[in-house]
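Worksheet for the structure shown next.
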Amino acid sequence: MVEKITFEKKEKLDFRSREAYKSLRTNIQFCGSEVKVIALTSCTPNEGKTSVSFYLGEALAEGGNKVLFIDADMRKSVLAGRYGVGKIKGGLTEYLAGRKEQQKVIYQTDIEGMDIVFSGAIAPNPSELLGNDRFQKLIKEARENYDYVVVDTPPLGSVIDSAVISPMVDGVVMVIANNSVSYKFAQNIKQQLERSNARILGVVLNKVPMTGKKYGKYYGYGKYYGKYYGNYQREE
């Protein structure tokens, strides 16, 4: 029997933020029916990647889809603590290391339609674990049992985990915080993904201050505005 958990600290988004994630959901869906497994990464920590990943998963579930959220940041995950789920008995690390079976690390959440795999214990060798057959098996079976799989991965500018995962997924979304990294650095990260044969679905520009300005097509994420650039093209 799948264990149930509750997100005690999940932020209640305002109307603009909810509409923003619905817009992001629509952009993902317009990428094609074959795009079911989506990884999200960033250039550096603290760009809001985990929040964007989580609320994208919620938006997909609210759209009537069955969603599996996989927290693949086994180095420094903040998900369980941020959203207040208490102690987790087993997660992705334990499954990949062969210490837990798949059904023991998938939790049913209080978000209707969304299940989750937490990162589990901090692993000394996450890149090697993510590259093994058990992770490929998890993705393969999730693809068969869910409408969408959202994978939150570590920043590619810090570690290579996202590049290891990207060939196994249908597409990658980059989350970039406004004024946090240089254009050249972002391009370097994009090229790393391309070298790993990743299909880049687009970019979410996050943490754009909305005070005193009008952003037109910008989409709101939390207390910030963000914009989705499909296929990495900046079209106004």
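The values are calculated or read from the model by the stated rules, or taken from the named source; none is laboratory data. Since the structure is predicted, the reported quantities are computational estimates derived from the model, not experimental observations. Here Cβ is always computed from backbone atoms with ideal geometry, including for glycine, and neighbour counts include all displayed protein chains.
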Would you confirm whether any residue within segment 92-113 is closer than 21 Å to Y55 by Cα, at pLDDT 95 or above, touching a helix residue (DSSP H, G or I) at 6+ places or on another chain (Cβ under 6 Å) and not aliphatic (A, V, I, L, M)?
-> yes
Any residue at all in segment 69-78 that is without any contact (Cβ under 8 Å) to a residue 60 or more places away in the chain, basic (K, R) and more than 20 Å from C31 (Cβ to Cβ)?
-> no
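Regarding Y107, is this residue aromatic (F, W, Y), in contact with a Lys or Arg (Cβ under 8 Å, 6 or more places away or on another chain) and more than 18 Å from V149 (Cα to Cα)?
On the way: aromatic (F, W, Y): yes; in contact with a Lys or Arg (Cβ under 8 Å, 6 or more places away or on another chain): yes; more than 18 Å from V149 (Cα to Cα): no.
Considered against the rule, which asks whether it is aromatic (F, W, Y), in contact with a Lys or Arg (Cβ under 8 Å, 6 or more places away or on another chain) and more than 18 Å from V149 (Cα to Cα), Y107 comes out as no.
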Exactly one condition in (1) under 30 Å from F15 (Cα atoms); (2) touching a strand residue (DSSP E or B) at 6+ places or on another chain (Cβ under 7 Å) is not met by K190; state its number.
-> (1)
Only one of (1) among the aliphatic types (A, V, I, L, M); (2) at pLDDT 95 or above; (3) in contact with a helix residue (DSSP H, G or I) (Cβ under 9 Å, 6 or more places away or on another chain) fails for M74. Which number is that?
-> (2)
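Looking at A80, A121, which is the one that is more than 29 Å from E194 (Cβ to Cβ), over 17 Å from the mean Cα position of the chain (by Cα) and not hydroxyl-bearing (S, T, Y)? Give the steps one after another, and end with the answer.
Working: A80 fails: over 17 Å from the mean Cα position of the chain (by Cα).
Within the list A80, A121, the selection yields A121.
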Given the conditions (1) surrounded by fewer than 23 Cβ atoms within 10 Å (Cβ to Cβ); (2) in contact (Cβ under 8 Å) with a residue 12 or more places away in the chain; (3) out of contact with any Gly (no Cβ under 9 Å at 6 or more places or on another chain), and given that S53 satisfies all but one, which numbered condition is not satisfied?
-> (1)
All conditions in (1) under 27 Å from Y183 (Cα atoms); (2) touching a Gly at 6+ places or on another chain (Cβ under 9 Å) are true of L96 except (1)
Is one or more of the residues making up segment 37-50 of a type in the set (V, I, T), surrounded by fewer than 24 Cβ atoms within 10 Å (Cβ to Cβ), closer than 13 Å to L138 by Cβ and within 16 Å of the chain's Cα centre (by Cα)?
-> yes
Which members of segment 94-103 meet the condition of being in a loop (DSSP other than H, G, I, E, B) and exposed (fewer than 15 other Cβ atoms within 10 Å of the Cβ)?
-> G98, R99, E101
Find the helices (runs of 4 or more DSSP H) located wholly in segment 1-93 whose residues include 2 or more that are touching a strand residue (DSSP E or B) at 6+ places or on another chain (Cβ under 7 Å) and within 15 Å of V204 (Cβ to Cβ), and list them.
-> 15-29, 49-62
